[in-house]
Structure formats: structure tokens, C-alpha cells
Amino acid sequence: MMNYMPSSSASARIRVAIAFSVATLTLGACASSSDLARSNPNYFKADISTSGLSGTYNPAGFKTAEVRDLLASNCKGKKLAGYSEKTSDGLTAFTATCQGGAVAFGGNMEFQRAGGQVISEGLLYDESGNISKSK
């Protein structure tokens, strides 16, 4: 004969509900930067590596000249050596190289328009792997 205990059944339902909530939040957090740029034209992210900067922005929120200026701020000499972009599906993918190299060995920067200004924030690392936060 099996005994059913309502409290353990309720606990099981709670555990399932918590697991489902965690899974939903985890999948939501996995949205790509392209998905974010598509849903929020005032946002874009630039990945920084030894070969340069790359990412995707929404032209409804940013103009090419503005993106170039924001990217140049991540260069040692504050100047781009090269820049190219290609628009597809309403988003513009870019690649850029820095004159004198990037300010970091790797990482990423996120740009968000807030009112009349653009706020930038990112996590960068140097050749030794030391992480720094940039604003």
C-alpha cells in the first residue's frame, strides 16, 4: 500500500515550478546581441579581440558615423584604421580595426542610448587575462 503525502506532492509541484522558472530565465538570458538590437534599436554590442571590433547594430537607432565614433573610443589612438559594414534583415553588421590597436586584448562593450546620450559599459581583459570593467 502506498501512502500519498500531500506535502511532498506540493513540494514536487513547487520544485517543478521553480525548475521551469529557472529554465525560462536562462533561455531568455541567452538572447543574442542581434536579437537585442532588433528588439531595442537603442542598443548594440561590440566584441573586441586582437583582430579588431565586430558586432551588429540597428540603423533605426544608430547612424554609421555615430557607431564609428563609439568604436574609435575603444582604440588606443581613438582612431579607426578600417571599417566595413553590411546590412541584412534590418540590422547592420560591422567590423573595424583600430589604428594603434584596441585598448584591450579582448572583451566586449555595450552601448545603450538613454535620452540624449549614449552610455557605454563593458568587460575587457588584457594579455594576462586580467579583467576590468569599462564605462
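The values are calculated or read from the model by the stated rules, or taken from the named source; none is laboratory data. Keep in mind the model is a prediction, meaning the values are calculated, not measured. Don't worry about glycine lacking a Cβ; one is built from the backbone with ideal geometry, like all the others, and counts go over all protein chains shown.
From the list E110, E66, E121, exactly one residue is under 16 Å from K45 (Cβ atoms), of a type in the set (D, E) and in contact (Cβ under 8 Å) with a residue 60 or more places away in the chain. Which is it?
E110 is the lone residue from the list that is under 16 Å from K45 (Cβ atoms), of a type in the set (D, E) and in contact (Cβ under 8 Å) with a residue 60 or more places away in the chain.
For A96, indicate whether it is touching a helix residue (DSSP H, G or I) at 6+ places or on another chain (Cβ under 9 Å) and buried (at least 16 other Cβ atoms within 10 Å of the Cβ).
Against the criterion (touching a helix residue (DSSP H, G or I) at 6+ places or on another chain (Cβ under 9 Å) and buried (at least 16 other Cβ atoms within 10 Å of the Cβ)), A96 qualifies.
Quickly run through segment 116-135 and pick out the residues that are surrounded by 12 or more Cβ atoms within 10 Å (Cβ to Cβ) and hydroxyl-bearing (S, T, Y).
Within segment 116-135, S120, Y125, S132, S134 qualify.
Which residue pairs have Cβ atoms under 7 Å apart, sit 6 or more places apart or on different chains, and have a first residue in segment 71-82 that is on the phi > 0 side of the Ramachandran plot and a second that is not in a loop (DSSP other than H, G, I, E, B)?
Once the first residue is on the phi > 0 side of the Ramachandran plot and sits in segment 71-82, its partners that are not in a loop (DSSP other than H, G, I, E, B) give K78/A72.
Of (1) at pLDDT 95 or above; (2) part of a strand (DSSP E or B); (3) closer than 18 Å to S39 by Cβ, T97 satisfies all except one. Which?
Result: T97 passes all but (3).
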